[in-house]
Amino acid sequence: MFIQEDDLKLNDWQFSQRKYLPYKVKKTLAERRIKEWYYNWDGQVYLSYSGGLDSTALLHMIRKTVGLEVPAVFSNTGLEFPEIVRFARQASGEFVEIYPRWKDGSRLTFKQVVDKYGFPLISKETALKIRKLRHGNLSDRYRNYLMNGDERGKFGMLPKKWRFLLDTQFDISEQCCNITKKKPFKDYAKKTGRVPYIGTTQDESFRREHQYAHTGCNVYDGKTIKSQPLGPWTRQDVLRYIVENDIEICSVYGDIEQTPSGIYYTTGEQRTGCMFCAFGAHMEKCPNRFQRIAMTHPKHYQICMELKNNGVRYQDALETCGIETETWEHIGQMNIMDFLITGEKQC
């Protein structure tokens, strides 16, 4: 057994220390956690593989550290970029492709999930609160907590700016991720008895950073048994690892380049989760994810915009939340640069 007390729970100072460890130390620590997890479970492990940057870096590290026999398990939800699906299927070593299914075993689609539960809007936390307030059998105390907070503060309160969504014709829900991503992996783990490596990093969200700070890299007990060797890594760490090891990445990200100050960045997409997911889209500058796929993947875009819940189109729901879905080019008008160039030619 490789369980270490410090891995089960980190104090704030410990987590802060790991966040700012030198890159080489983080890499050594990640490789150690991979080995500990593998040998603790006698090799009965798998990688939850998405084809994204983090899981691509982790796959390379796993292959280098413990070998090719660890399955890279890819859940094909039908919502990934087509480039991601093609790239994931080229993973080195053992590869397994799974799919979201209903209880009767039939394939599940995003259209069905949206129709039954609602659109994935704003954030998982906000969507969860709205779903509970609209459809949950809540006690008066808990309902009041979601609306007004309690003696501990207002951290769990539904933000006032999104309360209008309690009265919209369309529903909002966080269930899509649970049904299309988490459940297929749970079913795989239950069927095979394997436990997962997960390529999450601390800077993906406040929620994940908070979770990591309370568990550490390897979680051997509790509701969610998992290894997250890249837990204290930043995006810069991941990109540096990919560049230094000359690892191929999915074409949808473009190339990895550096600014004059040495900051790594990708020239294409920055994140490649589900194409149709709107969590966080309200914070993106134009062109946002939907405006980009309108130009790069027009067929997928058209399907996305026409999805409905309670008779309301996804496009209308997005715009209700202040999320733009079209660009000037998309609707056949000139952008400002085209206008200026045309004006110069006429002069």
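The values are calculated or read from the model by the stated rules, or taken from the named source; none is laboratory data. In this text, all values refer to a predicted model and were calculated from it rather than measured experimentally. Neighbour counts run over all protein chains shown; Cβ positions are idealised from the backbone, glycine included. We work out accessible area using only protein heavy atoms, side chains counted, and drop any ligands, DNA or RNA first. Shrake-Rupley method; radii C 1.70, N 1.55, O 1.52, S 1.80 Å.
Figures for the structure shown
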{"read-out": "Tally of residues being among the β-branched types (Val, Ile, Thr), open to solvent by 70 Å² or more (accessible area, probe 1.4 Å) and within 12 Å of the chain's Cα centre (by Cα) across the stretch 257-287", "value": "0"}
{"read-out": "Some residue of the stretch 220-238 being touching a residue at least 60 places away in the same chain (Cβ under 8 Å), aliphatic (A, V, I, L, M) and open to solvent by less than 60 Å² (accessible area, probe 1.4 Å)", "value": "yes"}
{"read-out": "Residues within the stretch 119-170 that are surrounded by fewer than 13 Cβ atoms within 10 Å (Cβ to Cβ), free of Cβ contacts under 8 Å to residues at least 40 places away in the same chain and part of a loop (DSSP other than H, G, I, E, B), tallied", "value": "7"}
{"read-out": "Residue list for the stretch 293-307, filter: in a helix (DSSP H, G or I) and open to solvent by 20 Å² or more (accessible area, probe 1.4 Å)", "value": "MET295, THR296, PRO298, LYS299, HIS300, GLN302, ILE303"}
{"read-out": "Cβ pairs under 8 Å, 6+ apart, first in the stretch 27-49 and on the phi > 0 side of the Ramachandran plot, second surrounded by 20 or more Cβ atoms within 10 Å (Cβ to Cβ)", "value": "GLY43/VAL70"}
{"read-out": "Complete set of residues in the stretch 180-198 that are modelled with pLDDT under 95 and open to solvent by less than 60 Å² (accessible area, probe 1.4 Å)", "value": "THR180"}
{"read-out": "Tally of residues being of a type in the set (Phe, Trp, Tyr) and surrounded by fewer than 15 Cβ atoms within 10 Å (Cβ to Cβ) across the stretch 86-103", "value": "2"}
{"read-out": "Selected residue (criterion: farthest from GLN236 (Cα to Cα)) from residues of the stretch 171-204 that are β-branched (Val, Ile, Thr) and assigned to a loop (DSSP other than H, G, I, E, B)", "value": "THR200"}
{"read-out": "Hits in the stretch 221-240 - residues which are part of a loop (DSSP other than H, G, I, E, B) and under 17 Å from GLU31 (Cα atoms)", "value": "GLN228, PRO229, LEU230, GLY231, PRO232, TRP233, THR234"}
{"read-out": "Selection within the stretch 74-84 - touching a residue at least 24 places away in the same chain (Cβ under 8 Å) and either surrounded by fewer than 17 Cβ atoms within 10 Å (Cβ to Cβ) or not aliphatic (A, V, I, L, M) (or both)", "value": "PHE74, SER75, THR77, GLY78, GLU80, PHE81, PRO82, GLU83"}
{"read-out": "Every residue from the stretch 37-67 that is out of contact with any strand residue (DSSP E or B) (no Cβ under 6 Å at 6 or more places or on another chain) and under 14 Å from GLY231 (Cβ atoms)", "value": "ASP54, ALA57, LEU58, MET61"}
{"read-out": "Filtered residues of the stretch 241-256 (kept if open to solvent by 80 Å² or more (accessible area, probe 1.4 Å) and outside any loop (DSSP other than H, G, I, E, B))", "value": "GLU244, SER251"}
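Conditions (1) surrounded by fewer than 21 Cβ atoms within 10 Å (Cβ to Cβ); (2) closer than 16 Å to TYR241 by Cβ; (3) at pLDDT 95 or above, marked per residue:
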{"position": "LEU21", "(1), (2), (3)": "yes, yes, no"}
{"position": "LYS27", "(1), (2), (3)": "yes, yes, yes"}
{"position": "GLU36", "(1), (2), (3)": "yes, no, yes"}
{"position": "VAL45", "(1), (2), (3)": "no, no, yes"}
{"position": "SER48", "(1), (2), (3)": "no, no, yes"}
{"position": "GLY52", "(1), (2), (3)": "no, yes, yes"}
{"position": "SER55", "(1), (2), (3)": "no, yes, yes"}
{"position": "LEU59", "(1), (2), (3)": "no, yes, yes"}
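Residue by residue, here is whether (1) farther than 20 Å from LEU307 by Cα; (2) modelled with pLDDT under 95 holds:
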position	(1), (2)
ILE62	yes, no
THR65	yes, no
TRP102	no, yes
ILE122	no, no
